[in-house]
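Following: one structure in structure tokens, then a few remarks.
Bear in mind that the values in this text are calculations on the coordinates, not laboratory data. All figures in this text were calculated on a predicted structure; none of them were measured in a lab. All Cβ positions, glycine included, derive from the backbone under ideal geometry; neighbour counts span all protein chains shown.
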Amino acid sequence: MIEVLFVCTGNMCRSPMAESLFQARLLRDYPQLAPFVLAHSAGTSAVEGNPASSAAVQTMDLWGTDLSGHRAGELNPNLLRGADLVVAMAREHLLAIGRMHPDALAKSVALKHVAGVEDELLERLGEETVLDEEGVRRRLGRAFEELRKLSPQNGFLADVESRASDIIDPIGGSLRVYLGVAEDIDKSLEAAMRVFFGEPHGRP
């Protein structure tokens, strides 16, 4: 099993939406990987058991996915140890991961950062579609090797000097703000999944 862990602050907005959008894209674009790629999420300051924010639930309803049953979970070292890929919503979450479990930074990246260097990574990795679990593990390993070459910033795979790597926190914002954040997450996921899994299955 390949475990993908999405991390934000409260695990009520960004990371649950990312988890849900990732699962939807996985089933649509990479159905051959769905049996063994598992997504889940956690928050660096989450209160265990909190539901997703009502605006996040509404937003995902409009995207055709259901967050009503989501309950927040707090990030911990065991989750980080068990994950094969850790996707942070912002730079602050990478810092928290580094404090909690430094070794996990080797498999952690800010979502918008990997999306921002998609072209360079695909040039190095190629676009061949990954078809099996071993292929995913190999591709992830190669992707992180190339990410480190492109982003030699003390082990943090993000643009640490600017907000370019951050998905904004929509908590307290309007439904319009949440929809914009979901669009940002989904667009970034499309690029990141192409990096990690190759060309979507069945596309030319």
Margin query: If you average the alpha carbon positions of the stretch 17-54 and of the stretch 84-161, how far apart do those two centres end up, in angstrom?
Written below: 18 Å
Notebook entry, point to check: What does the charge dipole of the chain about its Cα centre add up to, to the nearest 20 debye, if the Cβ of each Lys and Arg holds +1 and the Cβ of each Asp and Glu holds -1?
Noted result: 260 debye
Next item on the list: Return the label of the correct value of Rg and Dmax of the Cα atoms in Å, as calculated from the structure shown, out of (i) 20.2, 70; (ii) 17.8, 60; (iii) 15.7, 44.
Entry: (iii)
Notebook entry, point to check: Mind checking which of Arg194, Arg138, Arg91 has the largest fluctuation in a GNM of the chain, springs on alpha carbons under 10 Å?
Noted result: Arg138
Checklist line | Calculated FRET value between Asp119 and Met1, using beta carbons and R₀ = 30 Å, to 0.05 | finding: 0.50
Next item on the list: Give a residue-ordered list of calculated ³J(HN,Hα) values for the stretch 167-178 (Karplus: 6.51 cos²θ - 1.76 cosθ + 1.60, θ = phi - 60°; whole Hz; x for Gly, Pro).
Entry: 7, 5, 7, x, 3, x, x, 6, 4, 4, 5, 4
Next item on the list: Send over the semi-axes of the stretch 14-69's equivalent ellipsoid, whole angstrom and largest first, taken as the square roots of 5 times the C-alpha gyration tensor eigenvalues.
Entry: 22, 15, 7
Margin query: If the elastic network links every pair of Cα atoms under 10 Å, which of Gly98, Gly82, Gly69 fluctuates the most in the Gaussian network model of the chain?
Written below: Gly69
Item checked: Under Karplus coefficients 6.51, -1.76 and 1.60, residue-wise ³J(HN,Hα) of the stretch 40-57 in Hz, glycine/proline x -> 8, 9, 7, x, 5, 10, 6, 9, 3, x, 4, x, 4, 4, 4, 5, 5, 5
Checklist line | Per-residue ³J(HN,Hα) for the stretch 113-120, Karplus 6.51 cos²θ - 1.76 cosθ + 1.60, θ = phi - 60°, Hz, x for Gly and Pro | finding: 5, 5, 5, x, 10, 3, 4, 5
Next item on the list: Using the charge dipole of the stretch 1-114 (Lys, Arg: +1 at Cβ; Asp, Glu: -1 at Cβ; taken about the Cα centre), state which of Ile2, Pro102, Asn50 has its Cα farthest towards the positive end.
Entry: Pro102
Check: GNM, the chain, Cα, under 10 Å: largest mean-square fluctuation among Glu190, Glu134, Glu19?
Finding: Glu134
